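Coordinate-derived values only; no laboratory data. What you see is a predicted model, and the numbers here were worked out from it, not measured in a lab. Note that each Cβ is placed from the backbone with ideal geometry, even for glycine, and that neighbours are counted across all protein chains shown.
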Amino acid sequence: MGRIKMHFFKITPWKILRFFNFFNKRMSLDSNSWNQRYVSKNTAWDIGYVSTPIKEYIDQLSDKKIKILIPGCGNAHEAEYLFKNGFTNVFLVDFSKKALDNFKSRVKDFPNENLICNDFFKIQGKYDLIIEQTFFCAIDKSKRIEYVNKINSLLESGGKLVGLLFDAPMFDDRPPFGGTSKEYKDFFSPYFKFKTFKPSYNSIKSRNGKELFINLEKK
Ligand SMILES: C[S@@+](CC[C@H](N)C(=O)[O-])C[C@H]1O[C@@H](n2cnc3c(N)ncnc32)[C@H](O)[C@@H]1O
């Protein structure tokens, strides 16, 4: 009995690790963890089709040759919609290979060279339009300024960032990380003109009242 008690109180490196893990339950946001979510089909964020606000924005675009990037594209329903509607210059980036494989198996004619399996923060290039759909809310809050700088560097002058941001607290320890329109304004205003920045009127039902529709033009 005495020996069992002694063992319980003995401090081992394993116990120290477990102690800190207990207080550090933040979800892992690295490429392996995201990829694993696609492998195990643990993809609650995926609505299964292009969201209405983004679809309606795409529907009024007339130039189908503009160079478009979708970062953190996941299963990329927006890209499927763009491609099937004649947009010829669409690029996708996600560091989950499985997400890009899923897209490839659905949209077989999509050019392979436009599928970029990499960390968004490491890619180069220039785009006319970047579409935001639940990528900003998936990255750690500490990387938001880096996101804004990266988007700015990837846009041509006059290029646009268009899409949706959660204007609601959401979660602090896992995606979707939330925020407020005031906070976002402070991040984006040094680099962008705000063409549209208001509550989305046509969000999907489950996100109704929680999203901002943004159309920001690079200064
Ligand atoms: C919440 S999911 C959204 C996926 C898709 N936009 C959608 O709405 O279904 C976030 C996506 O971003 C990807 N991602 C997260 N951080 C990334 C990074 N630094 N570089 C590239 N992709 C990233 C994940 O693999 C995941 O597919």
message = For TRP45, TRP34, which order do you get if you count the other beta carbons within 10 Å of each Cβ and list the fewest first?
response = TRP45, TRP34
ask   = So how far, in whole Å, is the C-alpha centre of the range 155-176 from the one of the range 95-128?
value = 20 Å
task = Before rounding to the nearest 500, sum -39500 (n - 2.57) across all DSSP H runs of length at least 4 in the chain and divide by the residue total; then give [θ] at 222 nm in deg cm²/dmol.
result = -9500 deg cm²/dmol
request  = Determine which aspartates and glutamates satisfy two conditions relative to LYS104: a Cα distance under 17 Å, and not lying fewer than 8 residues away in the same chain.
outcome  = ASP46, GLU78, GLU80, ASP94, GLU113
request  = Would you mind checking the pairs LYS64/LYS122; LYS122/LYS198; LYS84/LYS160; LYS126/LYS219; LYS185/LYS210; LYS64/LYS160 and listing those with alpha carbons more than 25 angstrom apart?
outcome  = LYS64/LYS122; LYS122/LYS198
remark   = Where a ≥ b ≥ c are root eigenvalues of the Cα gyration tensor, a/c under 1.5 meaning rounded, otherwise prolate if a/b exceeds b/c and oblate otherwise, the chain counts as prolate
message = Let's see if you can work this out: charge +1 on each Lys and Arg Cβ, -1 on each Asp and Glu Cβ, no other charges. What is the dipole magnitude of the range 40-218 about its Cα centre, in debye to the nearest 20?
response = 80 debye
Contact order relative to length of the chain, as percent, for alpha carbon pairs under 8 angstrom and 6 or more apart = 17 percent
